[in-house]
Each structure stands twice: as C-alpha cells, then as structure tokens.
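Visitor: Below you'll find the structure I mean.
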Amino acid sequence: MPPALAWPNILSSIIYGLLGLVLLLIGYYVYEIITPFSVQEELTTHRNTAVGIVVAAFILGMAIVIAAAIL
C-alpha cells in the first residue's frame, strides 16, 4: 500500500479507538450511577471480589458491543 493511502487508515483507526474508549468509560460511569453502592469503594476499600468479577464482565460485554458497532 502506498504511504499516501496509509495515513487516512491509521487516522481513522486512532479515531475509532478513541471513540470506543470514550464510549466504554461513559458506560462504566453510567453503571456506577445506577448501582446502589459505590463500585469504586467496593473494589478499593472493601476488596470485594464479586463486584470485581461483575464489573469485568460488564466492561467486556460493553467492549464487545462497541467493537461490533464500530466494525
């Protein structure tokens, strides 16, 4: 591929990657708001493993949906 054609592809990949990251962070903050407890406090102060597993599953699910929407 000629170098002139590579830059738009690289730029669009960076933009879509940043868009996916922003959407993932927005999803996490919405999850933090709708839960009746502070997820951050449960993870850091109380070291609640169950909450960590649920948050990891939520983030993974959001990432799969966002990646499918972007592709």
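The values are calculated or read from the model by the stated rules, or taken from the named source; none is laboratory data. On a predicted model such as this, the values are computed, not experimentally measured, just so you know. FYI the Cβ positions are ideal-geometry reconstructions off the backbone, even for glycines, and counts take in every protein chain you see.
Visitor: Pairs needed: first member in the stretch 12-38, touching a residue at least 40 places away in the same chain (Cβ under 8 Å); second member anywhere, small (Gly, Ala, Ser) and part of a helix (DSSP H, G or I); C-beta distance under 8 Å; at least 6 residues apart or different chains.
Guide: Once the first residue is touching a residue at least 40 places away in the same chain (Cβ under 8 Å) and sits in the stretch 12-38, its partners that are small (Gly, Ala, Ser) and part of a helix (DSSP H, G or I) give GLY20/ALA63; GLY20/ALA67; LEU24/ALA63.
Visitor: If you don't mind, there's one more thing I want to ask. Can you name the residue in the stretch 1-50 that is in a helix (DSSP H, G or I) and charged (D, E, K, R) and is also surrounded by the most Cβ atoms within 10 Å (Cβ to Cβ) among such residues?
Guide: First pass over the stretch 1-50, keeping only residues in a helix (DSSP H, G or I): 3-34, 39-44, 49-50.
Next, only the ones that are charged (D, E, K, R) stay: 32, 41-42.
Details: GLU32: 13, GLU41: 11, GLU42: 18.
Step by step, filter the stretch 1-50, then rank; the result is GLU42.
Visitor: I would also like to ask the following. Would you be able to say whether some residue in the stretch 57-71 is part of a loop (DSSP other than H, G, I, E, B), within 30 Å of SER13 (Cβ to Cβ) and free of Cβ contacts under 8 Å to residues at least 40 places away in the same chain?
Guide: Yes - at least one qualifying residue is present in the stretch 57-71.
Visitor: Moving on to the next point. From THR49, THR35, grab the single residue that is modelled with pLDDT of 95 or more and of a type outside the set (A, V, I, L, M, F, W, C). Please lay out each step first, then the result.
Guide: Values: THR35 fails: modelled with pLDDT of 95 or more.
Only one candidate qualifies: THR49.
Visitor: Then there is this: So, ALA57, is that one within 15 Å of the chain's Cα centre (by Cα), surrounded by fewer than 11 Cβ atoms within 10 Å (Cβ to Cβ) and either among the charged types (D, E, K, R) or modelled with pLDDT of 95 or more (or both) or not? So that I can check it myself, show each step before the final result.
Guide: Numbers: within 15 Å of the chain's Cα centre (by Cα): yes; surrounded by fewer than 11 Cβ atoms within 10 Å (Cβ to Cβ): yes; either among the charged types (D, E, K, R) or modelled with pLDDT of 95 or more (or both): yes.
In short, yes.
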